[in-house]
Amino acid sequence: MNKFMDFLAEKIMPVAAKLGQNVYLTTLRDAFMLSFPLTMFGSLVVVINNLPFFSSSTQSTLGNLFGSGQNATMAIMSVFVTIGIGYYWAIQHEVDGIFCGIISLASFLILTPFFLTTEMGEEVSNVLALDRLGAKGMFLGIIVAFISAKLYVWFNKKGYIIKMPDGVPPAVSRSFSALIPAIATLAFFLILNAVVVGVLSTNLHDVIYNVIQKPLTGLGTSLPGTVIAIFFVQFLWFFGLHGQVIVNSVFEPFWQANMLDNANLTAQSATELAENGHIVTKSFMDTFTVGLGGSGSTLIVVLMMAFIMKNKQYRDVGRLALAPGIFNVNEPVIFGLPIVMNAAIFIPWLIAPLVSVVLAYFSFSTGLVPLTTGAQVPWTVPVVISGFLATNSIMGSLLQIVQMAVIGLLWFPFLKLVDKSEVL
């Protein structure tokens, strides 16, 4: 076992550490966090408008009155993500971030069709379809924002800017500095759009969605893809690397796109959500994995340490970790048990969350638990409450309780062995 651990530490961990510091992944992570307050507001609107004890007519009325709260936030999240990518990429390269952010957004809009087709097959011009600014346009927005930001930064670094005299007001000077990089970047995407529309008679939104986003989202949010994501979260944390941050940077676009889809379906009707909704979404991952006590779903582990184990050190760690653990902050137990580099509990740390997420997946796929509504429940919301808010059903809370029981059963014999070997 020690040789295996040494091999992993020597060969695998340097790669994982570099991945965690990758500028593309950190930029993408920060861009999603930029939209977090807006997403939370939209999520609250979704929850309130669709509370289960409201009648369908009441839900419809609330949707008409307050639906703009969702449309102006969650439904156009690609807008905020593109701005965020441009901004944070420029900041990391010591270039003015705000101009880069808005140019990334403008580049995305240049490639966005300003028309939509109605259910009757009629084409309406000079309008933007909401789904192209939300889930459907997410991948194109990410790709375009990175390319746009790289071009803008490149022109700045090469010195292709207009420098104004010292006496000119800073706002004016910054605008002129951005002029040439902005024109060159936007011209690139305008020409690209003209080629795609004129030669191929289509648009990049549909191409990216059908060729890249749809297949990758299906793969990344399938049961195997979800199991792989959880595996690497646990695996990286075992060596002290923040697995949640690293893995989320890769899988977040898939989960966010599905969450937005579910929110739109929820706004239509519960039937639409049940028939066409997605199981694995951002709220699914936050509520039925992290929402059980943090990475590794360790709330039940903390409870057993605090009230079952005999070793005073473990009991003290469990009791100290209990308060933050209720709010899904589990660094105290990760480093206090410790879990990091502790071969004695490697098996339950790795296996228990995988069993738990498979259980949750099949609970949703069989219809025992309603699909998540698309509301993004903060990962710090305590267990049981978060399960209800994510699904608008008590079944979500019951599923969390069952998951914790299963995780506890898997952890119990290993905790007893550790406790027995070190009883004071």
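Would you list the P(r) distribution for the range 190-312, with all Cα-Cα distances sorted into 10 Å bins from 0 and each bin expressed as a whole %?
Whole-percent P(r) values from 0 Å outward: 12, 30, 26, 19, 9, 3, 2, 0.
For a test of understanding, tell me how many lysine pairs in the chain have Cα atoms under 26 Å apart, given they are 8 or more places apart or on different chains.
Within the chain, the lysine pair count is 18.
Show Asp30, Asp166 ordered by accessible area, largest first, where the area counts protein heavy atoms only and the probe is 1.4 Å.
Asp166, Asp30
I'd like the chymotrypsin sites (Phe, Trp or Tyr not before Pro) in the range 73-130 restricted to DSSP loop residues with at most 16 other Cβ atoms within 10 Å, sorted by number.
Phe114
What distance in nm separates the two pseudo spin-label positions at Gln21 and Phe114, each 7 Å out from Cα along the beta-carbon direction?
Those two pseudo-labels are separated by 4.5 nm.
I want to verify the translational diffusion coefficient of the range 279-424 in µm²/s; compute it with Stokes-Einstein, Rh as the Kirkwood radius over Cα pairs, at 10 °C and 1.306 mPa s.
The estimated diffusion coefficient comes to 105 µm²/s.
For the range 77-142, what does the convex hull of the Cα positions come to per residue, in cubic angstrom?
Cα convex hull per residue, to the nearest whole number: 72 Å³.
Normalised by the empirical 2.2 N^0.38 Å for globular proteins, what value does the Cα Rg of the range 358-423 take?
The reported ratio for this selection is 1.40.
Express the carbon and sulfur contribution to the solvent-accessible surface of the chain as a percent, rounded to the nearest whole number, probe 1.4 angstrom.
After summing per-atom areas, the C and S share lands at 69 percent.
Quick one: longest stretch of the chain between exposed loop trypsin sites (Lys or Arg not before Pro), exposed meaning at most 11 other C-beta atoms within 10 Å and loop per DSSP?
In the chain, the maximal stretch lacking such sites is 164-424.
If I compute Rg and Dmax of the Cα atoms in Å from the structure I just sent, which labelled value in (i) 24.1, 78; (ii) 21.1, 67; (iii) 22.4, 69 lines up?
Label (i) holds the value from this structure.
Quick one: angle between helix 394-421 and the longest Cα principal axis of the chain, in degrees between 0 and 90, rounded to 10, please.
Once rounded, the angle reads 50 degrees.
For the chain, with a Gaussian network of springs between Cα atoms less than 10 Å apart, report the residue from Thr271, Thr372, Thr39 with the top mean-square fluctuation.
Looking only at Thr271, Thr372, Thr39, the biggest GNM fluctuation is shown by Thr271.
Counting helices only, and only those DSSP H runs with n ≥ 4, report the 222 nm mean residue ellipticity of the chain as the sum of -39,500 (n - 2.57) divided by its residues, in deg cm²/dmol to the nearest 500.
One gets -22000 deg cm²/dmol as the mean residue ellipticity at 222 nm.
Please give the helix 77-92 orientation as an angle from the longest Cα principal axis of the chain, in degrees from 0 to 90, rounded to the nearest 10.
Approximately 90 degrees, to the nearest ten.
In the Gaussian network model of the chain, springs joining C-alpha atoms below 10 Å, which of Ala171, Ala184, Ala135 carries the largest mean-square fluctuation?
Ala171
Over 15 Å, how big is the tail of the calculated P(r) for the range 121-217, in percent of all Cα pairs?
Across the range 121-217, Cα pairs with separations above 15 Å total 72 percent.
So if I take the centroid of the Cα atoms in the range 128-207 and the same for the range 254-280, what is the distance between those two points in Å?
31 Å
Distance between the C-alpha centers of the range 286-349 and the range 62-116? Whole Å please.
If you average the Cα positions of each part, the centres end up 39 Å apart.
What is the percent of Cα-Cα separations in the range 25-81 that go past 14 Å?
Value for the range 25-81 (Cα pairs over 14 Å): 57 percent.
Ignoring ligands, DNA and RNA, what accessible area per residue does the chain give at 1.4 Å, in Å²?
Normalised by residue count, the accessible surface of the chain is 46 Å².
Rounding to the nearest 10 and keeping the result within 0 to 90°, find how far the Cα-based axis of helix 36-49 lies from the longest principal axis of the chain.
80 degrees
Sort Trp237, Trp379 from largest to smallest accessible area, using a 1.4 Å probe on the heavy atoms of the protein chains.
Trp379, Trp237
The values are calculated or read from the model by the stated rules, or taken from the named source; none is laboratory data. Everything quoted here is computed from the prediction, not taken from an experiment. Quick reminder, even Gly has a Cβ in these numbers, built from the backbone with ideal geometry, and neighbours come from all protein chains shown. Only protein heavy atoms, including side chains, enter the accessible area calculation; ligands, DNA and RNA are left aside. Shrake-Rupley method; radii C 1.70, N 1.55, O 1.52, S 1.80 Å.
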